[in-house]
1. Restricting the first residue to the stretch 82-106 and requiring it to be buried (at least 19 other Cβ atoms within 10 Å of the Cβ), which pairs with a second residue that is outside any helix (DSSP H, G or I) meet a Cβ separation below 6 Å and a spacing of at least six or different chains?
2. If you check K156 against the conditions, is it surrounded by fewer than 19 Cβ atoms within 10 Å (Cβ to Cβ) and touching a helix residue (DSSP H, G or I) at 6+ places or on another chain (Cβ under 7 Å)?
3. What pairs can you find where one residue is in the stretch 19-47 and more than 20 Å from N132 (Cα to Cα), the other is not in a helix (DSSP H, G or I), and their Cβ atoms are less than 7 Å apart, with a gap of 6+ or different chains?
4. Just checking, does the stretch 63-73 include any residue being surrounded by 22 or more Cβ atoms within 10 Å (Cβ to Cβ) and either closer than 15 Å to K5 by Cα or touching a residue at least 24 places away in the same chain (Cβ under 8 Å) (or both)?
5. Any residue in the stretch 181-191 that is among the acidic types (D, E), in a helix (DSSP H, G or I) and closer than 19 Å to N37 by Cβ?
6. Which one is modelled with the lowest pLDDT among residues in the stretch 115-132 that are surrounded by fewer than 22 Cβ atoms within 10 Å (Cβ to Cβ) and away from ligand 2 (no atom under 14 Å from the Cβ)?
7. Consider E14 against the criteria (1) of a type in the set (D, E); (2) under 21 Å from N162 (Cα atoms); (3) more than 16 Å from ligand 2 (Cβ to nearest atom): it satisfies all of them except one. Which criterion is unmet?
8. How many residues are more than 14 Å from H102 (Cα to Cα) and in a loop (DSSP other than H, G, I, E, B) if we restrict to the stretch 39-58?
Amino acid sequence: MEKLKSKVYKLARENMIKPEYYFEAHGVPVAKYSKRNAELFDANSFTCEMGGLLHDIGYTVDYNPERASHIERGMEIAYSVLTKAGVPSDYKNRIIDTIRTHDDNLEENSPLENRIVHDSDLLVFYDSIPANMELLSGFGASPGKSISRLKAEADKKLPWINMEYFKGVAKEKHAQFLANLGAVERMVNNGSFKR
Ligand SMILES: [Fe+2]
Ligand SMILES: [Fe+2]
């Protein structure tokens, strides 16, 4: 399993656009957090870790939202990455399904692993303002624009939290996120924000 995992990590990094953000600052933390939560809830840890790692793999080097959403594209790339790494089909299908249901696409009877990856993704988002700022400004957005986009994203994601267990912590993280973002905003306004 460890060998399979390290192959998937390597292939995932190679496929992603801006890997220092989408991979290192987002995919890897979501993978670790999903794995820890899988242990907490007695879910399948391999499925959760790999789903967490690959959920945003649709942001690839050739990502084009006009052709396919990052979810559709992500499911295709994950299939080829998991196949290349030699992950058995049963796992492959379960992992790809966690990609399909992330970003508020869970269904009534979605498996626990899907719920864990889904909520872990949102909670990690709230922990990473600097990475998100860098990412948005890397796509040409000004700091002011990045801040207002991040505020909107943060508010949009809060009601998406699915598992009762995470609702309280998500609320706290959301409030902390807005407070931290407010501090960044003040720095931008008084000219002390540097990147
Ligand atoms: Fe996503
Ligand atoms: Fe994500």
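The values are calculated or read from the model by the stated rules, or taken from the named source; none is laboratory data. Every value quoted in this text rests on a predicted model; they were computed, and no experiment measured them. Counting neighbours? That spans all protein chains shown, and the Cβs are built from the backbone with ideal geometry, glycine included.
1. Filtered contacts from the stretch 82-106: I99/H55; T101/S110; H102/H55; L106/N162.
2. It is false that K156 is surrounded by fewer than 19 Cβ atoms within 10 Å (Cβ to Cβ) and touching a helix residue (DSSP H, G or I) at 6+ places or on another chain (Cβ under 7 Å).
3. Note: pairs meeting the criteria are A38/N44; F46/M1.
4. Taking every residue of the stretch 63-73 in turn, none turns out to be surrounded by 22 or more Cβ atoms within 10 Å (Cβ to Cβ) and either closer than 15 Å to K5 by Cα or touching a residue at least 24 places away in the same chain (Cβ under 8 Å) (or both).
5. To start, the set of residues in the stretch 181-191 that are among the acidic types (D, E) comprises 185.
Pick out the ones that are also in a helix (DSSP H, G or I) and you get 185.
Right, trim to closer than 19 Å to N37 by Cβ and you get none.
Scanning the stretch 181-191 turns up no residue that is among the acidic types (D, E), in a helix (DSSP H, G or I) and closer than 19 Å to N37 by Cβ.
6. This residue is P130.
7. (2)
8. Residues that pass the stated criteria total 3.
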